[in-house]
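Step one of this worksheet: look at the structure below.
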Amino acid sequence: MITFISRKLTDFLCRKSVIDSGKSEIYQYGYEVLISGLAGILIALIIGIISGRISDAVIFLVYFIPLRQLCGGYHADSYLKCNIVFTGVFSSILIFSYFLPKKLSVAAVIICCAFTFISMLLFSPVENPNKPLDNEQIAKNRRKCIITPILSAISLAAVFFYPVYALTASTTLFSIAVLMIIPKIKDRLKDNKKAV
């Protein structure tokens, strides 16, 4: 569906001479990424509105989107799977942050933030095989990941005043770390199969 809409949009803009028809594939890919990203944001906001947790949706999006771009990690092989993973991650975070007993909030936030910080130090950025980074981009993204300790500190400070929001923020950080580790595990399993 996203590919179909992007193709139609690209064809329309080429016919109107708004974009160069020689670069139509590049534009189509760009529109696919844009539409898929907007769909994910819209889904998170709709879930936030329906569940009465719009603030959590905003926190999730503010933490998740920029860090995923900087840190990389697991990428699904279709836009549908990508949005399913995105929706699943967000829904899991909402459920966890809502049902975890308040007395465990501080411990959960500390564990999530520590795990994320260590993962960022060890692995970030994790490259997408379809979008490799050069050495300069890797160094630049790694430097920008310095925002992670800042976001972790905000989560830790908030746990005493807004425990549910702090859990949403810290579990979002945790989910980004997990999504960074998944490709590393997959690579290790491939290497083990080749060795056998």
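The values are calculated or read from the model by the stated rules, or taken from the named source; none is laboratory data. Treat the numbers as computed from the prediction; the structure is a model and nothing was measured. Methodologically, a virtual Cβ is constructed for each residue, glycine included, from the backbone with ideal geometry; neighbour enumeration extends over all protein chains shown. Just so you know, the surface numbers come from the protein's heavy atoms only, side chains and all, with ligands and any DNA or RNA stripped out. Shrake-Rupley method; radii C 1.70, N 1.55, O 1.52, S 1.80 Å.
Numerical summary
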{"item": "Filter result for Phe60 (in contact with a Leu (Cβ under 9 Å, 6 or more places away or on another chain) and not hydroxyl-bearing (Ser, Thr, Tyr))", "result": "yes"}
{"item": "Tally, over the stretch 75-88, of residues that are open to solvent by less than 60 Å² (accessible area, probe 1.4 Å) and not in a helix (DSSP H, G or I)", "result": "2"}
{"item": "Condition check for Val33: at pLDDT below 80, open to solvent by 60 Å² or more (accessible area, probe 1.4 Å) and part of a loop (DSSP other than H, G, I, E, B)", "result": "no"}
{"item": "Cβ-Cβ under 9 Å pairs, at least 6 apart or on other chains, the stretch 5-21 side loosely packed, with under 13 Cβ neighbours inside 10 Å, far side part of a loop (DSSP other than H, G, I, E, B)", "result": "Phe12/Val18"}
{"item": "Enumerated helices (runs of 4 or more DSSP H) restricted to the stretch 89-196, each holding at least 3 residues that are crowded, with 19+ Cβ neighbours inside 10 Å", "result": "105-123, 147-158, 163-195"}
{"item": "Residue count for the stretch 42-73, restricted to those that are open to solvent by less than 70 Å² (accessible area, probe 1.4 Å) and modelled with pLDDT under 90", "result": "8"}
{"item": "Matching entry among Tyr63, Tyr29 (being closer than 30 Å to Ser92 by Cα, in contact with a Ser or Thr (Cβ under 6 Å, 6 or more places away or on another chain) and of a type outside the set (D, E, K, R))", "result": "Tyr63"}
